[in-house]
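Just so it is clear, none of the values below were taken in a lab; they were calculated from the coordinates. Just so it is clear, the structure is predicted and the values come from calculations on it, not from any experiment. All Cβ positions, glycine included, derive from the backbone under ideal geometry; neighbour counts span all protein chains shown.
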Amino acid sequence: MRRDIFQAVADPTRRAIITLIALQAMTPNAIAEQFNTSRQAVSKHLRILTECELVKGEQKGREIYYRLEVERMKEIDKWLEQFRKIWETRFSQLDELLSTIKKPKT
């Protein structure tokens, strides 16, 4: 079952895991050490992230190293882009308004 990518990033722990493994691939044990939670709980989060194809596990010896699938993050960025444009327009309008207000009256 493939889960929705937004379901995966809705959880703060999963977002923190994404942030951790964005820099380097990590084992579930190494990830669990960063949280006040069990390895089993981290494994559950990793399973959900894997089902969403946001992370991928790679077997190296007896360990599995999870790494971020950066290309999948582009789906989130693409969705956010529509809001980014709205925010930028509103900030520009606010800048113009503030400039008008700050001009000294002569």
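Computed 3J(HN,Hα) for the range 46-63, one whole-Hz value per residue from the Karplus formula 6.51 cos²θ - 1.76 cosθ + 1.60 where θ = phi - 60°, is 5, 4, 5, 5, 5, 4, 7, 6, 7, 10, 9, x, 10, 6, 9, x, 8, 9, glycine and proline marked x.
Rounded to whole numbers, the Karplus 3J(HN,Hα) couplings from phi for the range 83-93 are 7, 4, 5, 5, 4, 4, 5, 5, 5, 5, 5 Hz, using 6.51 cos²θ - 1.76 cosθ + 1.60 with θ = phi - 60°, and x at Gly and Pro. Highest mean packing first, where packing is the average number of other Cβ atoms within 10 Å per residue, the peptides 7-20, 46-59 line up as 46-59, 7-20. Between the amide H of residue 69 and those of 55, 56, distances stay under 5 Å, these residues lying 5 or more places away or on another chain, with hydrogens modeled in the peptide plane. For the range 6-74, the square roots of the Cα gyration tensor eigenvalues, ordered a ≥ b ≥ c, give a/c of at least 1.5 with a/b no greater than b/c, which places it in the oblate category.
Amide H contacts under 5 Å for residue 52: 3, restricted to partners 5 or more places along the chain or on a different chain, H placed in the peptide plane at 1.01 Å from N. Residues whose amide H comes within less than 5 Å of that of residue 25, counting only those at least five positions distant or on another chain, are absent (H built at 1.01 Å from N in the peptide plane).
Evaluating 6.51 cos²θ - 1.76 cosθ + 1.60 at θ = phi - 60° for every residue in the range 10-26, the Karplus couplings come out as 5, 8, x, 5, 5, 4, 5, 5, 4, 4, 4, 7, 5, 7, 7, 5, 9 Hz, glycine and proline recorded as x.
Packing order of peptides 26-32, 38-44, highest average first: 26-32, 38-44 (average count of other Cβ atoms within 10 Å over each peptide's residues).
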